[in-house]
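> Supplied in structure tokens, the structure appears directly below.
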Amino acid sequence: MIVVLAVALAGAIGGAVGTAQAEGSRSSSDRQLLFYNHSYGVLDRETADAIEHSDYLRDFANFQVRTTTGTGGQTWTGRYLMGRQTYLELFGVGDIAGPDGTLGSGGLGLSTERDGDLATVTERLKSERVADPVEFLQTRDFGDGVPVPWFDALLTTLEYDAFDAWAMEYRPEYFADPRGNTEPASFPGDVGRERYLSDDYRTHLMRDVTYVRFAVTEGDLADTVPLLRAGGFAVKNVPGGGVVAEGGGTTIRFDAVPREQAGLQRVEMSLNRPVKDRHVEQIGHSTLTVGPGSRAVWTFAGNGAR
């Protein structure tokens, strides 16, 4: 979650708006530097409350409801479905302060797997002259009033309609703090997603997020595409003005819409084991379909307004 910090910085730092469009190709280097970490959506209150109190979700995934304190004392309360490398973060209207807590807002976090790759992403953005990157440090307060460096972050802009995307690289100080409950490094410079997330996913069905679909404004899409391409995603245009980005095991689709139609639309997840039967769980104004097989699909009614 990065949006509240972006709001805090907006008054002090001028944002730059990216204008590059998808070109149906990867960035200048073949090696992928950024991978889907997590995404979030702001849902209507009825759906958010139903998610929070769902017994089924607690069985289906490593599910948490948590309030986090970030840089500058900013707080947010989210509902989390945690997988092996990826996770999903869901809010209700008003769970985030200001306009970012309005219906249909959302965001996307892309993270590195190797220490130093975020700097390379920054240089790619600068060399392609599609953005003036904004860099900052996100911290986390575990409750003792002493912020711990959490991750370095990079945005293409601080000015957006309802959707913001950022790149991130976890800090060694966070991995060194036992309160983070992270795993040992698998190789020198390991700052990866699997190390960050716990292995509790193994006792549930959900394994990872494999597909997300958002409806976003044209302006927000234009600001997001340069970051995807700089991170090494293959980005292709789709009919209707949207794009599909593929890479690292997760597909991300964006549809260009007016602001009032913006929001999280669909999430697909892989399962730890195949299930024989199809299970449909209605959760507020959303439908989670699990199986048959090794996949689950979660759809949301528009932006939750219907």
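The values are calculated or read from the model by the stated rules, or taken from the named source; none is laboratory data. No experiment lies behind these values; they were computed from the predicted model shown. Cβ atoms come from the backbone with ideal geometry, glycine included; neighbour counts cover every protein chain shown. Note: areas computed on protein heavy atoms with side chains; ligands, DNA, RNA excluded. Shrake-Rupley method; radii C 1.70, N 1.55, O 1.52, S 1.80 Å.
> Is any helix in the chain, taking whole DSSP H runs, at least 20 angstrom long along its axis by alpha carbon and on average at least -0.5 on the Kyte-Doolittle scale, and which ones? Walk me through the intermediate numbers first.
Details: long enough: none.
Helices passing the filter in the chain: none found.
> Of the accessible area of the stretch 84-192, with the probe set at 1.4 angstrom, what percent is carbon plus sulfur? Show your work: numbers first, answer last.
Details: 2130 of 4270 Å².
Carbon and sulfur atoms account for 50 percent of the accessible area of the stretch 84-192.
> Show E123, E268 ordered by accessible area, largest first, where the area counts protein heavy atoms only and the probe is 1.4 Å.
Working: E123 105, E268 25 Å².
Putting E123, E268 in descending order of accessible area: E123, E268.
> Follow-up. So, taking all protein chains as they sit and a 1.4 Å probe, how much accessible area belongs to F136, in Å² rounded to tens?
30 Å²
> For the chain, modelled as a GNM with alpha-carbon contacts under 10 angstrom, which of G240, G104, G232 fluctuates the most?
G240
> How much accessible surface does D223 have with a 1.4 Å probe, in Å² rounded to 10?
10 Å²
> When DSSP beta bridges are limited to those with both residues in the stretch 30-184, what percentage is antiparallel, rounded to the nearest 5?
Values: 31 of 43 bridges.
DSSP beta bridges in the stretch 30-184 are roughly 70 percent antiparallel.
> Considering Cα pairs under 8 angstrom that are at least six residues apart, work out the relative contact order of the chain and quote it in whole percent. Write down the numbers at each step before the final one.
Details: 769 pairs, mean separation 70.8, N = 306.
The normalised contact order for the chain reaches 23 percent.
> I've got another one for you. In terms of modelled amide H atoms, which long-range or inter-chain residues lie less than 5 Å from the amide H of A162?
Counting only residues 5 or more places away or on other chains, the set is T217.
> In sequence order, what are the phi-derived ³J(HN,Hα) couplings for the stretch 63-78 according to the Karplus relation 6.51 cos²θ - 1.76 cosθ + 1.60 with θ = phi - 60°, rounded to whole Hz, with x for glycine and proline?
Once θ is set to phi - 60°, the couplings for the stretch 63-78 become 9, 9, 10, 9, 9, 10, 10, x, 4, x, x, 5, 10, 8, 10, x Hz.
> Per 0.36 nm of contour for each residue apart, how much would the distance between R202 and D190 grow if the chain were fully extended, relative to their Cα-Cα spacing?
Between R202 and D190, full extension yields 2.2 nm more.
> Helix-only estimate, please: 222 nm mean residue ellipticity of the chain, summing -39500 (n - 2.57) across DSSP H runs of length 4 or more and dividing by its residues, to the nearest 500. Provide the component values of the computation, followed by the final result.
Values: 7 runs with 56 residues, N = 306.
Theoretical 222 nm ellipticity from helices: -5000 deg cm²/dmol.
> Still on this structure, I have one more. Of Q74, Q265, Q32, which has the largest mean-square fluctuation in a 10 Å C-alpha GNM of the chain?
Greatest mean-square fluctuation among the candidates belongs to Q74.
> Label R266 and T69 with points 7 Å out from Cα along Cα→Cβ: what is the distance between them in nm?
My value for the distance between the label points is 4.1 nm.
> Give the accessible surface of the chain per residue, rounded to a whole number of Å², with probe radius 1.4 Å and ligands, DNA and RNA excluded. Intermediate values should be presented prior to the final figure.
Working: 12190 Å² over 306 residues.
On a per-residue basis, 40 Å².
> Taking the Cα centre of the chain as origin and charging only Cβ (+1 Lys, Arg; -1 Asp, Glu), how large is the dipole, in debye to the nearest 20? Show your work: numbers first, answer last.
Values: 29 positive and 42 negative charges, 170 e Å.
Computed about the Cα centre, the dipole is about 820 debye.
> While we're looking at this one, here's another question. Nearest 20 debye, what's the magnitude of the dipole of the stretch 53-154 about its Cα centre given +1 on Lys and Arg Cβ and -1 on Asp and Glu Cβ?
Working: 9 positive and 15 negative charges, 34 e Å.
Around 160 debye, computed over the stretch 53-154.
> Further, regarding this structure: Contour minus end-to-end for E46 and E159, with contour as 0.36 nm per residue of separation and end-to-end as the Cα-Cα distance?
Working: separation 113, 0.36 × 113 = 40.68 nm, distance 2.90 nm.
Taking E46 through E159 to full extension adds about 37.8 nm, to one decimal.
> Determine how large the accessible area of H279 is when every protein chain is in place; take a 1.4 Å probe and give Å² rounded to the nearest 10.
H279 has an accessible surface of roughly 70 Å² with all protein chains in place.
> While we're on this one: Over the chain, consider all pairs of different Cα atoms and compute the Kirkwood hydrodynamic radius from their mean reciprocal separation; express it in Å, one decimal.
Details: mean 1/r = 0.0517 Å⁻¹.
This gives a value of 19.4 Å.
> Let me ask something additional. Full extension from V275 to A97: what is 0.36 nm times the residue separation minus their Cα-Cα distance, to one decimal in nm?
Working: separation 178, 0.36 × 178 = 64.08 nm, distance 3.97 nm.
Contour length minus Cα-Cα distance gives 60.1 nm.
> Another question about this same structure. In the stretch 141-173, which chymotrypsin sites (Phe, Trp or Tyr not before Pro) are in a loop and have at most 15 other Cβ atoms within 10 Å, using DSSP for the loop call?
Numbers: sites: F142, W150, F151, Y160, F163, W166, Y170; in loops: F142, Y160.
Here the sparse-neighbourhood loop sites are F142.
> If amide hydrogens are placed 1.01 Å from N in the peptide plane, which non-local residues have theirs closer than 5 Å to the one on F142?
V148
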